[in-house]
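Everything on this sheet refers to the single structure shown next.
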Amino acid sequence: MTAPRILEGRILSAGGWVRGTLAFDRRVRAVRDTAAPGAADDAAPLILPGFVDLHVHGGYGVDIMEGGDAARRVARAHARHGTTALLGTTMTAPESDIERALHGLASAIGERAPGAARVLGVHLEGPYISMERLGAQPPLAVEATLAQVRRLHAIAPIKVLTLAPEVGRHTALIPPLEAMGIRVQLGHSAGDYEHGVAALRAGASGFTHLFNGMSGTDHRRPGIAAAALAHAEYAELIPDLQHVHPGVVRAALRAIPRLYCVTDATSATGMPDGEYALGAQRVHKCLGCVRLADGSSLAGSVLTMDQALRNLVSLGLDLRDASDRVSRYPADYLGLADRGRLQPGAWADVVVLDADLRVRRVFVEGEEVAAAAPAATPAPPPIAAGSSR
């Protein structure tokens, strides 16, 4: 039997900070406190749970909607920034295009590629959204049917599904979708507060990129975002400090106990300024921002989860709280007790940071993967021939 790896440093264990050692193979075997009383540890590396990103469209020039091996390539790109598990996220598109993306995702979900994050499943963001709140989605929204969702779910496991609750019979579909093991999130919605509350009562469990692509918090005509602030246990938010003002991020942190962070990363992530794909549309990256070609709307982000962590700390969160919001809470939202935390029996998904919270080492299920350099880096090489497909 191969001896377990040992990392030494300041470990954010499931029970709090420990100065000691982390022993692991594919799973965590032990967390040991080995510090002498009063020992200084400011120079020791920070050892945190790997990041869990539930909303990823692409990265390093690759878009999930391409199908084929795109999901594996995206998973490799984000692993370099400490993301150890993710959901491949679709766009509103014709059903045939969504099916192509799901077939590619199914292969990546079935077997993790070397050097890649674990692809846990699918976030189906569209086509079940409001034509009034498309954001960067194309005008191809349709009303959901249980039969169609079942067809798509049979191709690749849908873990999260975004819908606009005010459209057609969407709210009535929430209980059977949740019974299928699909977490229903409200988003890209023009619905009002009452629509949001009714959907939560029906079993909806989250909100897609809170505040973006949804009706807001007007104090006389509150919308979906207000329902989230008043009632949500979970919601996802993009903390690039462009999609949501820092003051509003702080308000959401006070209101929603398990607010967690996603990147909404596009193919422009990790790439120079220029034009990139977001599904069938072209988007433009400039000065750290991604917009539709006409500049009318933000179109996803170029955020990575390590930068999300740093942004949360810059807003005043302590590191343990910030870590929970990029690791433990998204894992909890999917019901995964063996990810997003460092405790015996959990998957050995580990990120090692320096004092500036820069990624130095990454382990996915015990495998060390190449960490991104602190500065911008070129796109990762394609997966070698012979890798599992």
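Here, each number is a calculation from the coordinates, and none is a lab measurement. These numbers were taken from a predicted model, which means no experiment stands behind them. No Cβ is skipped: glycine too gets one built from the backbone with ideal geometry, and neighbour counts run over all protein chains shown.
Of note:
- Point-charge dipole on Cβ atoms (K/R +1, D/E -1) for the chain, about Cα centre, debye to 20: 600 debye
- If both residues of a DSSP beta bridge must be in region 55-202, then about 10% of such bridges are antiparallel.
- Computed [θ] at 222 nm, deg cm²/dmol, the chain (DSSP H ≥ 4; -39,500 (n - 2.57); rounded to nearest 500): -7000 deg cm²/dmol
- The stretch between R150 and A3 holds 48.5 nm of extra length on full extension. This uses 0.36 nm per residue minus the Cα-Cα distance.
- Relative packing of peptides 142-154, 117-129 - highest average C-beta neighbours within 10 Å first: 117-129, 142-154
- Part-to-part distance (alpha-carbon centres) for region 301-345 and region 90-160, which is given in Å: 24 Å
- Extension gain (nm, one decimal) between E368 and M180, 0.36 nm per residue minus Cα-Cα: 64.3 nm
- Candidates I256, S314, S327 compared by Cα position along the dipole of region 243-340: farthest toward the positive end lies I256, with charges placed on Cβ.
- Among R201, R73, the ranking by other beta carbons within 10 Å of each residue's beta carbon, starting with the fewest, stands as R201, R73.
- Based on the Kirkwood approach, the hydrodynamic radius assigned to the chain is 20.9 Å, with every pair of different Cα atoms included.
- Degrees separating the helix 170-179 axis from the principal Cα axis of the chain, which is the longest one: 40 degrees
- Counted over region 51-333, the DSSP beta bridges are approximately 35% antiparallel.
- Ordering of 353-363, 101-111 by burial proxy (mean other Cβ atoms within 10 Å per residue, highest first): 101-111, 353-363
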